[in-house]
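**Student:** Please read through the structure below; I'll follow up with questions.
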Amino acid sequence: MFRKILGTAVLSTVLSLGIAEGNTISASLFSPLAPAGSSPIVIDLTGFSAGPHTALSASGYSISFDAVGIDQGLVQGADASHAVPVGGVNGGLAEYMTGGFGSSLSTNIGASGNYLSTGPGTITINFVLPQTSFALLWGSIDGGNLLQFNDASNFNVTGTAVQAAAAGFVGKGFQGPGGSAYVVVNTDTPFTTVMASSSVISFELVPIAASTTPFDSNNPEPAGFALMAGGILLLIAYRWRSTKCVS
């Protein structure tokens, strides 16, 4: 009886190690979320001139624009067609990111950093190496906003899905505290591009970083692989002994 229970436990361990986490969305209104994994590729729009629609490039990634409006693309500040994503709240006042990943927040909207705004077109972030996790600050979340990943399943993340994932979300398109959210999207297959688009006036976002997750069920880490292999060997030994005892 003990041997049978042991065999079942080992089998459960082996199966659990082989289950992929799948595609997931995490969202927080005011607490910054970093991508899963280590050594992320940090996307920092600081230093680029707001306004032009020419492609931007930096170490590990590039950003291209397709048919975005004349006052859209890489922007700073707010106007009639886009609003600065809200990264925090202080004394009831909205706080804005002043730069890239890990930058300070300020209630002075004039001190806010660059961000992306789609307008009627699309903005594509291209990575040099495959990634499986992507983090961003998603501004004034609207159901018409869309992120498309070119992974094996062509995973799409809608503004509606992010609204549902962000506890305390105020309302669609709200431009104050509670209308934007820090979002992390994890996929179970690698992607090299993330495309932002919108069916409404705009999709504002501050792309933060991307990284490859530390554990991939299709390519386990050494420790996980050793544990899996050990479990399989124990299971084989148990079955061989049970068969031998029965015979």
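The values are calculated or read from the model by the stated rules, or taken from the named source; none is laboratory data. What you are looking at is a predicted structure, and each value in this text was computed from that prediction instead of being measured. We place every Cβ from the backbone using ideal geometry, glycine too, and count neighbours over all the protein chains shown.
**Student:** Considering region 51-92 alone, what residues qualify as being β-branched (Val, Ile, Thr), over 12 Å from Thr118 (Cβ atoms), in contact (Cβ under 8 Å) with a residue 40 or more places away in the chain and not in a strand (DSSP E or B)?
**Tutor:** Correct list: Val84, Val86.
**Student:** Specify which of the listed residues (Gly119, Gly99, Gly143) is assigned by TED's automatic domain parsing to the domain that holds Leu74, more than 21 Å from His53 (Cβ to Cβ), over 18 Å from the mean Cα position of the chain (by Cα) and at pLDDT below 95.
**Tutor:** Gly99
**Student:** Taking the condition assigned by TED's automatic domain parsing to the domain that holds Ser26, over 13 Å from Glu204 (Cα atoms) and assigned to a strand (DSSP E or B), does Phe127 pass?
**Tutor:** Considered against the rule, which asks whether it is assigned by TED's automatic domain parsing to the domain that holds Ser26, over 13 Å from Glu204 (Cα atoms) and assigned to a strand (DSSP E or B), Phe127 comes out as yes.
**Student:** Quick check, is Phe127 modelled with pLDDT under 95 and not small (Gly, Ala, Ser)?
**Tutor:** no
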